[in-house]
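A short write-up of the structure that comes next.
Where a number appears in this text, it was derived from the coordinates with a stated rule and is not lab data. This is a predicted model, so every value here is computed, not measured. Glycine also receives a Cβ, built like all others from the backbone with ideal geometry; neighbour counts cover every protein chain displayed.
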Amino acid sequence: MPDLDLHLPAIAQADADAFGRWLAGAETPLRASLRRFAAQVDVEAVLQEALLRVWQVAPRVKPDGRPDALLRLAFRVARNLAVDEARRAGFHAPVAEEDLTRLLEALARDGASEAPDPLLRALILRCREKLRRQPRAALDARLHAGGSEPDAGLAAALGMKLNTFLQNVGRARKALAECLRRGGVALPEQVP
Amino acid sequence: MTARDAREALVEAAAGAYRPRRPDGAVGTSPAWHDLDAAGREEAFAAATLSRRLEAALEPEGLSSTARSVLRRLRRP
């Protein structure tokens with residue numbers, strides 16, 4: 001597994017492209033680390049805020065001889081944000097310090113996840129081609145927007161009602177997941 | 001629309017990567033997420049996890065919608 005600190009010197013020089021390459025490997029383990037908070041905080045919002053803060057503090061991060069110093073920091077930033085949000089909402093924070101320690105030890109042992117491979121991409125593209133027109137249009141709209149626009153705007157641009165758009169997004173994801181499973185790809189989460 | 005359809009729509013909305021900005025500039029939460037019960041929030045998390053993996057795999061640079069949203073914000077604060 002690659003050490004994502006490979007990108008740290010460039011990130012410290014405010015190279016956003018380098019931060020993007022770091023993100024490509026860091027996002028999945030970071031999101032997974034927030035799993036226990038899923039019922040208590042909006043993990044997507046916490047994760048995005050944590051990543052913005054990591055970008056801000058990255059120039060001050062010094063490698064300590066162990067791999068993935070920036071990712072280890074990101075785990076802490078994300079966890080602290082999630083704990084704060086959960087407490088603000090009146091929940092008892094669900095993750096103890098020992099859990100974070102275990103997470104960091106696992107990261108040290110296994111490293112960060114690698115970026116998607118070309119074969120997986122080719123299979124997903126093939127599965128995408130098989131989607132029905134409306135689910136594919138909804139999926140493509142979300143992909144193209146990249147989190148920049150509310151669903152209401154994407155739905156309107158496609159001439160769909162918002163709920164129809166959302167149903168189509170769900171159908172597209174489920175159909176893709178099913179197609180990938182038939183192709184032998186192990187997926188990390190059960191589709192709801 | 002049935003109650004089940006309405007719930008599925010909320011899950012899908014909460015599983016998207018778009019998040020509003022708070023007045024202080026911080027990343028805001030999804031209104032749909034607030035309308036979900038605990039089980040619905042867990043479903044939204046699972047749906048988002050899978051969606052981001054698929055998005056990243058489809059994008060040549062391996063960036064999900066979450067990553068692209070973050071990069072857009074730090075390039076244009």
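Here are the numbers:
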read-out: Selected residue (only one of A:ARG31, A:ARG53, A:ARG21 is within 28 Å of B:LEU54 (Cβ to Cβ) and in contact with a Ser or Thr (Cβ under 7 Å, 6 or more places away or on another chain)); value: A:ARG31
read-out: Selection within the range A:1-24 - crowded, with 20+ Cβ neighbours inside 10 Å and more than 8 Å from chain B (Cβ to nearest Cβ); value: A:LEU4, A:ASP5, A:HIS7, A:LEU8, A:ILE11, A:TRP22
read-out: Verdict on A:VAL43 being among the aliphatic types (A, V, I, L, M), within 9 Å of chain B (Cβ to nearest Cβ) and buried (at least 24 other Cβ atoms within 10 Å of the Cβ); value: yes
read-out: Identity of the residue in the range A:115-139, within 10 Å of chain B (Cβ to nearest Cβ) and either more than 22 Å from the chain's Cα centre (by Cα) or under 24 Å from B:GLY28 (Cα atoms) (or both), that ends up surrounded by the fewest Cβ atoms within 10 Å (Cβ to Cβ); value: A:LEU139
read-out: Criterion: more than 7 Å from every other protein chain (Cβ to nearest Cβ), of a type outside the set (A, V, I, L, M) and in contact with a helix residue (DSSP H, G or I) (Cβ under 6 Å, 6 or more places away or on another chain) - qualifying residue of A:ASN163, A:ASN168; value: A:ASN168
read-out: Unique match (being closer than 26 Å to B:GLU43 by Cα, assigned to a helix (DSSP H, G or I) and polar (S, T, N, Q)) among A:GLN56, A:GLN40, A:GLN48; value: A:GLN48
read-out: Helices (runs of 4 or more DSSP H) (entirely within the range A:120-184) containing at least 2 residues that are more than 27 Å from B:ARG73 (Cβ to Cβ); value: A:133-145, A:162-182
read-out: Criterion (within 10 Å of B:ALA15 (Cβ to Cβ) and buried (at least 23 other Cβ atoms within 10 Å of the Cβ)) met by exactly one of B:ALA56, B:ALA32, B:ALA67, B:ALA44; value: B:ALA44
read-out: Residue in the range A:78-93 that is out of contact with any Lys or Arg (no Cβ under 8 Å at 6 or more places or on another chain) and of a type in the set (Val, Ile, Thr) present; value: yes
